[in-house]
Amino acid sequence: MVTKPHKQDLNAQKIAELSELARKNGLIDPELFTKYEVKRGLRDINGRGVLVGLTEIGEVHAYIVDENEMIPVPGRLIYRGIDIVDLVNGFMSEGRYGFEETCYLLLFGELPTAAELEEFKQILNQYQKLPNGFARDIILKAPSKDMMNVLARSVLTLYSYDDNPDDISIQNVLRQCLKLIAVFPSIAVYGYQAHSHYHGNNSLFIHSPQPELSVAENILYMLRPDCKYTKLEATLLDLALVLHAEHGGGNNSSFVTHVVTSSGTDTYSVIAAALGPLKGPRHGGANIKVVQMFEDLKQNVKDWNDDDEIRCYLEKLLNKEAFDRSGLIYGIGHAVYSISDPRAVIFKDYVARLAQEKGLEDEYNLYAKVENLAPEVISKARRMYKGVSANVDFYSGFVYRMLNIPLELFTPIFAISRIAGWSAHRIEEIVNAGKIIRPAYKCVCPRREYVPMAQR
């Protein structure tokens with residue numbers, strides 16, 4: 001007896017056939033990009049970005065131009081004209097948490113006084129509370145396997161709780177942005193707790209954020225069953241938030257923020273749109289790949305002190321013979337930086353301290369070895385138009401794992417940080433009231449005649 005295939009199976013087969021048709025007719029000859037001088041990824045061959053806008057919020061400095069030649073230099077990241085190194089050294093030397101100060105700087109273009117910073121913190125504290133029933137009805141009753149989707153869904157839903165959602169005056173947009181900055185930690189952590197309970201059969205516990213705590217402290221407080229954390233743990237998480245808060249107007253999610261804002265739409269639609277690209281493994285999701293890659297490395301490299309064995313594994317990665325067979329060494333290389341990513345440089349020293357506190361010096365040393373060996377391996381295997389070095393994702397995932405932050409929250413923590421930069425870019429786009437962003441695409445499909453149905 002011949003069993004008839006299920007309708008679902010027939011659909012799957014047909015979709016497979018249609019997807020192949022879509023692939024075949026969607027493919028563009030790569031030579032055409034050269035012929036028409038298209039800058040793929042809005043970057044030229046050596047990584048220099050196409051100038052599409054102006055900003056005063058963040059600057060990514062990776063090269064100097066001398067007689068029309070790009071010369072790589074150690075990377076610098078500048079927030080509102082202030083070097084990130086100086087900003088970090090400022091609050092670190094005084095034993096303060098820096099993320100709230102960084103938010104103020106990005107949003108308003110000035111460093112706050114002690115009184116201004118305290119007033120700003122009070123505003124954020126007042127906005128921390130989610131609308132009545134929101135956590136229960138929107139987050140806990142509809143758990144998701146992906147926390148970035150929880151964030152996006154929650155942001156769009158918050159539109160319905162806003163009495164004035166479509167007003168794009170600076171005052172109203174700033175109010176909306178501050179509220180979103182304040183509630184992002186709760187949404188992310190509650191989303192994870194719901195996921196852990198419903199999909200992992202773990203106990204469900206919900207801790208309310210505490211007004212006297214910093215953003216970094218509240219994340220650890222709400223996440224852990226006993227609400228306990230060390231000063232160094234909170235300091236490292238705060239540092240991660242500062243380093244991820246902004247990266248210029250040209251990074252993928254911030255550019256999306258400018259593009260969508262230019263249409264005149266509401267704040268919730270803009271931030272939800274920015275969350276989409278941040279989820280991607282080429283953007284905010286890269287640190288997850290780094291951690292997963294290192295877990296595979298630790299299983300396949302017997303001697304963590306053997307440079308040759310590590311080098312062999314890295315070569316297998318490039319040859320698509322190891323891990324996910326993508327041909328990538330995750331955490332190494334950046335679209336803009338070549339000699340160094342300043343965020344990784346800052347991070348590294350503090351990461352070493354946390355690794356010592358956690359008794360993970362051997363694993364830290366393994367990371368350091370890969371950081372040193374990977375550029376060498378890549379330069380031998382690939383034609384390089386610019387240098388490569390460790391990026392911020394290389395160490396951030398390791399930090400989060402040492403903090404016992406679940407993998408599902410790695411990218412949401414990036415979002416908790418980056419919404420400060422997105423908010424600043426949204427306000428900047430509104431203040432300058434430019435045209436709707438609408439670049440050109442050249443159509444290379446040949447013209448053809450319409451064929452009647454009976455003749456096809």
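Given the alternatives [x] 97, 72, 46; [y] 75, 69, 59; [z] 62, 51, 45, Cα extents along the principal axes in Å as computed for this entry is given by [y]. Shape class for region 286-402: oblate, because the ratio a/c of the largest to smallest gyration tensor axis (alpha-carbon atoms, square roots of eigenvalues) is 1.5 or more and b/c is at least a/b. Protection proxy ranking for 318-326, 395-403, using the average of other Cβ atoms within 10 Å per residue and placing the highest first: 395-403, 318-326. Taking other residues whose beta carbon is less than 10 angstrom from the beta carbon of Ala152, and scoring Lys, Arg as +1 and Asp, Glu as -1, yields +1. Among 300-308, 120-128, 177-185, the peptide with the highest mean count of other Cβ atoms within 10 Å heads the list, and the full ranking is 177-185, 120-128, 300-308. Among the listed pairs Lys121/Lys358; Lys121/Lys179; Lys24/Lys442; Lys14/Lys320; Lys121/Lys348, which are separated by more than 21 Å between their Cα atoms? In this structure, Lys121/Lys358; Lys14/Lys320; Lys121/Lys348 lie more than 21 Å apart at Cα. Per-residue ellipticity at 222 nm from helix content only, as computed over the chain with -39500 (n - 2.57) for each DSSP H run of at least four residues, stands at -17500 deg cm²/dmol.
Taking amide hydrogens as placed 1.01 Å from N in the peptide plane, the amide H of Asp83 sits under 5 Å from that of no residue at least 5 positions away in sequence or on another chain. In summary, the aspartates and glutamates within cross-link reach of Lys298, defined as a Cα separation below 16 angstrom excluding same-chain residues under 8 places away, comprise Asp306, Asp307, Asp308, Glu309, Glu315, Glu321, Asp324, Glu361, Asp362, Glu363, Glu371. With K and R counted +1 and D and E -1, the other residues having a Cβ less than 12 Å from that of Asn404 yield a net charge of +2. In terms of surrounding Cβ atoms within a 10 Å radius of their Cβ, Thr235, Thr267, Thr34 rank from fewest to most as Thr34, Thr235, Thr267.
Counting neighbouring Cβ atoms within 10 Å and putting the fewest first, the residues Thr102, Thr55 line up as Thr55, Thr102. In a reduced charge model with +1 at each Lys and Arg Cβ and -1 at each Asp and Glu Cβ, the chain shows a dipole moment near 2040 debye about its Cα centre.
With a cut-off of 11 Å on the backbone N, no residue of region 160-198 is near the modelled label site 7 Å out from Gln126 along Cα-Cβ.
Neighbour counts of other Cβ atoms within 10 Å put Asp266, Asp44, Asp162 in the fewest-to-most order Asp44, Asp162, Asp266.
Other residues with beta-carbon under 10 Å from the beta-carbon of Val215 carry, at +1 per Lys or Arg and -1 per Asp or Glu, a net charge of -2.
Every read-out reported here was derived from the displayed coordinates using simple, explicitly stated rules and does not represent laboratory data. Note that the coordinates shown come from a computational prediction; the quantities given were computed from them, not determined experimentally. With ideal geometry, Cβ positions are generated from the backbone for all residues, glycine too; neighbour counts draw on all protein chains shown.
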